[in-house]
Amino acid sequence: MGTPATQLVLDSRRLEAVFARCFSRSENTVLAGGAAEPVYQPAEDARSPHRLFYREDFFSSALHEVAHWCIAGKERRALPDFGYWYAPQGRSEAEQRAFEAVEVKPQALEWFFSIACGCRFRVSVDNFTEDGELPDTLPFCQQVATQAYRFRDRGLPQRALQFFHALTDEFNTSVDLRTLAFDARELY
């Protein structure tokens, strides 16, 4: 029995290869799966690469971590995990708002990358209510959609644009960046 086409298309190793073609030489950075939790580790010395780890073999985790990397400036890329804090499940409302404020831009870029790969994008609020349910995500979805329109209209960051175009080539999606539409209700 053969592998379903969707599994072949969404093989995260393809993302690693695209990332390597784009950034292994110019940025000395590699994308690697298999991590229990996603993390960015700057190079320990000039001979070793920076490593961007995504969770297990999850395609969306890889896209999400690349989005964070594309936004991080040179100073942040010198810090473990870009110098971000992470509060685990069970955040207060204020902590959740702070988390979402940091996540709007990366998740908007992840949406672009998902479209370039021909796969569905879903926001991640990464926090559940006490009864195990997701909180109302529509306000955050709207913020992500608004930011996606800003990126579309004002331009993607340089590395994000390079990765976006490389993804459209790899996944043969022929996406025209200027015509993309983002509807928060699709994410809700």
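Listed values, structure above:
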item: Residues of segment 39-52 satisfying the condition of being under 15 Å from LEU79 (Cβ atoms) and of a type outside the set (Lys, Arg); result: VAL39, TYR40, GLN41, PRO42, ALA43, GLU44, HIS50, LEU52
item: Selected residue [in the same structural domain as ARG122 (by TED's automatic domain parsing), closer than 21 Å to GLU103 by Cβ and either of a type outside the set (Asp, Glu) or surrounded by 13 or more Cβ atoms within 10 Å (Cβ to Cβ) (or both)] from ARG178, ARG152; result: ARG152
item: Scan of segment 151-188 for residues that are among the small types (Gly, Ala, Ser) and in contact (Cβ under 8 Å) with a residue 40 or more places away in the chain, ordered by number; result: ALA160, ALA166, ALA184
item: Residue count for segment 57-101, restricted to those that are at pLDDT below 90 and part of a helix (DSSP H, G or I); result: 9
item: For PRO38: the one exception among (1) at pLDDT 95 or above; (2) crowded, with 19+ Cβ neighbours inside 10 Å; result: (1)
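Yes/no matrix, rows are residues, columns are (1) modelled with pLDDT of 95 or more; (2) over 14 Å from the mean Cα position of the chain (by Cα); (3) of a type in the set (Lys, Arg); (4) farther than 25 Å from ASP11 by Cα:
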{"residue": "GLU103", "(1), (2), (3), (4)": "no, no, no, no"}
{"residue": "GLN107", "(1), (2), (3), (4)": "yes, no, no, no"}
{"residue": "SER114", "(1), (2), (3), (4)": "yes, no, no, no"}
{"residue": "SER124", "(1), (2), (3), (4)": "no, no, no, no"}
{"residue": "GLU130", "(1), (2), (3), (4)": "no, yes, no, yes"}
{"residue": "THR146", "(1), (2), (3), (4)": "yes, yes, no, yes"}
{"residue": "ARG159", "(1), (2), (3), (4)": "yes, no, yes, no"}
{"residue": "PHE171", "(1), (2), (3), (4)": "yes, yes, no, no"}
{"residue": "VAL175", "(1), (2), (3), (4)": "no, yes, no, no"}
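The values are calculated or read from the model by the stated rules, or taken from the named source; none is laboratory data. The structure presented is a predicted model; accordingly, all values stated were derived computationally and were not measured. Neighbour counts are summed over all protein chains in view; Cβ atoms, including those assigned to glycine, are modelled from backbone coordinates with ideal geometry.
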